[in-house]
Every structure is written in C-alpha cells, then in structure tokens.
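Data block below; observations after.
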C-alpha cells in the first residue's frame, strides 16, 4: 500500500469532534506525550502503601497527574492494571479519572480498554468507559467491524481509537496478512483497517488509530492512508521503539496528529519518594525529544 | 476453504485440558446449552429490586443458576453488562461466580470479556478473569496474535475461546476478507484464525473458538478446520440464528463439541415472579431441540 494506492480523500473535509479539538489544543502547545497510567499495584513505591489499596493507587496516580499536567497531552490508564486489583482497582480508576477531569478538564483521558463486542453489548462498555469512568476516549478492537462499534462511534463527543498495527512482537500474525481489496489493490490487513476507518468510520471526526512505534514502516503506510487522523503510538519506552523514526513517520502534514505514549518509562522512572518529580522529568525529556524530531 | 484444503492434523492427538474435560463431562450428559448471564440491570424484574444493586444482580443470577444447574453445560456472564453498573456490577459478577463455583463446581464458567492486549498487559486481564472472578475460561480477540495471548494460553487449567466468526450483522467487514496463505490456498480471515488456532495455539488443549449461529456456512467451514475443538456458538436466541443448521454444521464427529449460548431468550423469558422457572423451561426446551437435531 504505497502512496500511489492511497484511498481517495472524503469529498468534504472531515468533521472535527470535541475530542479532536481537545487534542489539537494540546498539540498547539507542543504537547505530544500521553502519560500511560499503567499503575500496576506491585510497582507502586512501598512508602505510598499506607491506607487502602484504593487510596494507594489513587495517591500514586494523582501525584503523577499533578506533577505532569502542564506537560501531558493526555492520560491513558490501561484498564487491565486496575481490573487485576478487582473492585478496588476499578474504584481507584474511577476516582483517578474524576480527579483529573475536575482539576484539569482540558486534558483528555483515554481509557485503554481494547473492548469490542456485538452492538447490543457494546452499549454496556460505552457506558462503563464514557459515563462511569468518564473517559474522553476508548481504544477498541476492529475485528467485529464498524456495525458492531456504533455504540462507541455514535458518541460524537467521545474519541474512539481503533487498533490497527499493534506494538507487540507477534502483531503480524494476522495484521500483516495480505488481503484482496478490489478498490485499490492488495494490502496487509492493518492497511485495510486504516483505509476502512478513514473512508467510512469517521463520520463524526472522533476516530483515531493505534500503531506501535516498534513498526515505523507500517506507521508510515498508515499515516499516508489516513491524512491527519490522530494516531496513538505506544511502544517508545520499555518496548524499545525508535522515537525519531516514529515521529518522522507518524506526524501529519501539520507536524502533529500524534499521541505518543510512554507508561512504565514515566510513571516508574523512580521507585523512591521522588517518583512524581522523576515522572515530570521523563515527560519533559520525551516532549523535548519529540519536538526536536518533529520540527527537524 | 473447503474440506480439501483442510490443514493437516497435528502429529499427535491434541492434549485435553481440565477445561475440555469439564465440558466433555457435561456433553456426555446431553448438556449443550450455555446460559448467558447477560444480566442487564434495567431488565431485572422489578420485584427483585429491594436491597442494593449488588444484591439485586446477585439474587437474580443465583436464582437462575439454582433453577438451571442440572441443565446448563456452562454459564457465561458477559462482562459488559456488569461493567456498565460500575464497581457494584463487578462486585456482583465476582459474587455470582463464587456462588456458582462453590455450589456447582462441575459447571464451567466462561467469562465473556473479549479481552486482548500486549503480553505484559494481558497478565492483568488473566488475573482478573481467572483469579479475581474465578472463571474457568475467557473469550479473547485474535487481532494481536498468539504471542500476545500467552498469559491466557499458558494457563493450562483454564480455557481460552478465540473470536473467529462473530454473530453480528457486520462481522464480515474484516473477517470475510480473503487472505493469502501459502500453506493451503486462499481463505477468508476467519478461516486463517481457525487454522492458526488449531495448528499452533492449542498446545495445552485448552483453546476453543467463537462462531455465530447466524452464519451456518462459516460454522461448517470452521468445524471442518478444527476437528473436535470446542466451538462456542452464540446467536440462536434473540439474534435469530437457525438452531437446526447450527447444530448440523457445528457438531464434531462425536456429535458434541458445541457450547450453544442463549442469553436473553433464557434469563429474560419472563419478567414476572416465575422468571427462574421460565429460565429453566427455556433451557430444557433448547436442550431438547439441540439433542433432537444433534442425533438426527
């Protein structure tokens, strides 16, 4: 799927959702780092573990948020790290999002939950993510297609970020399979996901894609397919993605469009009492590096 | 992917996990109905709504379980219907599974959560499903490939049921795309998922697939690919799948291998005080119909 096979642009300019505008407002300030709140309980510094599990996680998260709020493009808690603590974890997730939205309403919260079921059931997941947690966006699997995802896509005020080329080593098992596409030639499955999402899923301007920094060539192909649609780019920290290539290949024609996530590399940069200051330092460092590459 | 393109059987007979043996024990009793505990709070009969939300959901579920335990192959709570009630819903899910496993340890519980993330993160989801909820099996998305799903697949004592051809109207958007497969010809994506899972994912004999009853031809293709691997078949109730075709095309060479789910058609068969008796009646009716078709 080279540039010559790029799908036609939609007739009118794509609409802009509230979620997109929130991102654009942050990008205009030079902010591109999504702070991944993958707050695995076992890794939270011991000195914080005084009260209940809920309090421990909440205190950890809110200190990270307070220390990084002027540098973070977005916060992205991954639901798995809360679910593994059961009801206490879910409670801490809800309280964290509530705290962030009250204190810093200008910063979007992306619930990284990678959900997707049939339509009737997705109503429940949309309610959980958008109404119970109060997130501004959610990540979803593409496998069931657009029709099933309408309960997410129809929430015009919310973002829906679709897995396209994931950052894991075995991502290619299905995502790289070459599929026939009568409209513009053979393409890997992840390219079809990008093309369908761009052509057909984004009626409300509220859709984005996930492409791992660990696959810069695939990222380049997806960017050529989707214009200036937001791309969530995980994998630059502990997973070893090349930041310079990710930025070069991931930025849109306005040198923005990227949500570059780092989780463990920021929130667990120090296990000591300076953990929040260390998180700020790493967020600043990553922001500076991104902006250097972005404007090179 | 006709029978002539069937992938070669693994050299040795596939191993049998504890989860498989539990299913086989129920199948040997003529039990094929998976009771879907999609206990949407708004649909729980009003007369049950006296105490807390947790109590309401727990009372509803446990009365259904007590009324159907000798007829149910398995119980399948769908996580979305609990998550939409927040912390209370998760608590009710955990308590329901605990009740069922203590009282009826012979009946497997399948947590229909449709999870899948990168490996490190899937550890959290596996902990939630298998250790916090205490489920015997979980449903997962295939999109990230086998490598990412190892935290589920490596739990030899637990079942992992992979989405293959889902029951929703728009399932074909990606699942029907024709992909190149050098080892045995062109096949739709769902056929590649079935083939890879059968050939490579089932080292511990603990894997199954989801294929909707709403697509009987696709079900036939998958069954020809996967031998006697368990197939979870949703879509026979409210979604309108043809039961006779589903059984004919879904059964394995021993006339079993099927986990035929009905949710709304059983648990909300009556909104009155007889709701549990009505659930039993519908479970019995569906069991009888399946056995008639199965042995025809």
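Would you confirm, using the coordinates I've provided, whether residue B:118 is in contact with a helix residue (DSSP H, G or I) (Cβ under 6 Å, 6 or more places away or on another chain) and at pLDDT 95 or above?
Against the criterion (in contact with a helix residue (DSSP H, G or I) (Cβ under 6 Å, 6 or more places away or on another chain) and at pLDDT 95 or above), residue B:118 qualifies.
Taking residue A:169 and the conditions (1) buried (at least 18 other Cβ atoms within 10 Å of the Cβ); (2) more than 14 Å from residue B:143 (Cβ to Cβ); (3) in contact with a helix residue (DSSP H, G or I) (Cβ under 7 Å, 6 or more places away or on another chain); (4) at pLDDT 95 or above, which numbered condition does it fall short on, given that it satisfies the others?
The failed condition is (1).
Matching residues to (1) within 14 Å of residue B:173 (Cα to Cα); (2) more than 7 Å from chain B (Cβ to nearest Cβ); (3) buried (at least 24 other Cβ atoms within 10 Å of the Cβ); (4) without any contact (Cβ under 8 Å) to a residue 24 or more places away in the chain:
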residue: A:148; (1), (2), (3), (4): yes, no, yes, no
residue: A:190; (1), (2), (3), (4): yes, yes, yes, no
residue: A:201; (1), (2), (3), (4): yes, yes, no, no
residue: A:208; (1), (2), (3), (4): no, yes, yes, no
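Here are the criteria: (1) assigned to a helix (DSSP H, G or I); (2) in contact with a strand residue (DSSP E or B) (Cβ under 9 Å, 6 or more places away or on another chain). Tell me which single one residue A:123 does not satisfy.
All conditions are met except number (2).
State whether one or more residues within the range B:150-164 are facing chain A (nearest Cβ under 10 Å), at negative phi, in a loop (DSSP other than H, G, I, E, B) and in contact with a helix residue (DSSP H, G or I) (Cβ under 7 Å, 6 or more places away or on another chain).
Taking every residue of the range B:150-164 in turn, none turns out to be facing chain A (nearest Cβ under 10 Å), at negative phi, in a loop (DSSP other than H, G, I, E, B) and in contact with a helix residue (DSSP H, G or I) (Cβ under 7 Å, 6 or more places away or on another chain).
For the list (1) more than 10 Å from chain B (Cβ to nearest Cβ); (2) outside any loop (DSSP other than H, G, I, E, B); (3) touching a strand residue (DSSP E or B) at 6+ places or on another chain (Cβ under 6 Å); (4) within 28 Å of residue A:104 (Cβ to Cβ), I need the number of the one condition that residue A:130 fails.
Looking at each condition in turn, residue A:130 falls short on (3).
Spot the failing condition for residue A:182; the list is (1) more than 7 Å from every other protein chain (Cβ to nearest Cβ); (2) at pLDDT below 95; (3) more than 25 Å from residue B:186 (Cα to Cα), and only one is missed.
Among (1) more than 7 Å from every other protein chain (Cβ to nearest Cβ); (2) at pLDDT below 95; (3) more than 25 Å from residue B:186 (Cα to Cα), the lone unmet condition for residue A:182 is (3).
Report yes if residue A:174 is under 24 Å from residue A:73 (Cα atoms) and over 16 Å from the mean Cα position of the chain (by Cα), otherwise no.
no
Go through the range B:59-92 and count every residue that is under 21 Å from the mean Cα position of the chain (by Cα) and within 14 Å of chain A (Cβ to nearest Cβ).
12
Could you please find all residues in the range B:93-123 being surrounded by 20 or more Cβ atoms within 10 Å (Cβ to Cβ), without any contact (Cβ under 8 Å) to a residue 40 or more places away in the chain and more than 10 Å from chain A (Cβ to nearest Cβ)?
Correct list: B:97, B:100, B:109, B:111.
Test residue A:137 against the criterion of being more than 7 Å from chain B (Cβ to nearest Cβ), within 17 Å of the chain's Cα centre (by Cα) and within 28 Å of residue B:38 (Cβ to Cβ), and give yes or no.
Criteria met by residue A:137.
Within the range B:197-212, is even one residue touching a helix residue (DSSP H, G or I) at 6+ places or on another chain (Cβ under 7 Å) and farther than 26 Å from residue B:78 by Cβ?
Among the residues of the range B:197-212, at least one is touching a helix residue (DSSP H, G or I) at 6+ places or on another chain (Cβ under 7 Å) and farther than 26 Å from residue B:78 by Cβ, which makes the answer yes.
Which of the helices (runs of 4 or more DSSP H) contained wholly in the range B:2-97 include at least 1 residues that are within 27 Å of residue B:201 (Cα to Cα), at pLDDT 95 or above and touching a strand residue (DSSP E or B) at 6+ places or on another chain (Cβ under 6 Å)?
Working: elements: B:18-27, B:53-68, B:80-83.
It comes to B:18-27.
Considering the range B:213-234 alone, what residues qualify as being in contact with a helix residue (DSSP H, G or I) (Cβ under 7 Å, 6 or more places away or on another chain) and within 19 Å of residue B:35 (Cβ to Cβ)?
Listed by number, the residues that qualify are B:213, B:230, B:231, B:233.
Among the numbered criteria (1) within 12 Å of chain B (Cβ to nearest Cβ); (2) within 30 Å of residue B:178 (Cα to Cα); (3) more than 15 Å from the chain's Cα centre (by Cα), which one does residue A:239 miss?
(2)
Okay, residues lined up against (1) within 15 Å of the chain's Cα centre (by Cα); (2) buried (at least 24 other Cβ atoms within 10 Å of the Cβ); (3) in contact (Cβ under 8 Å) with a residue 60 or more places away in the chain:
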{"residue": "A:217", "(1), (2), (3)": "no, no, no"}
{"residue": "A:225", "(1), (2), (3)": "no, yes, yes"}
{"residue": "A:234", "(1), (2), (3)": "yes, yes, yes"}
{"residue": "A:244", "(1), (2), (3)": "no, no, no"}
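Taking the range B:257-293 only, how many residues are touching a residue at least 60 places away in the same chain (Cβ under 8 Å) and either surrounded by 19 or more Cβ atoms within 10 Å (Cβ to Cβ) or touching a strand residue (DSSP E or B) at 6+ places or on another chain (Cβ under 7 Å) (or both)?
18
The values are calculated or read from the model by the stated rules, or taken from the named source; none is laboratory data. Everything numeric in this text was worked out from a predicted model, so none of it was measured. A quick note on method: Cβ atoms are made from the backbone with ideal geometry, for glycine too, and the neighbour counts reach across all protein chains shown.
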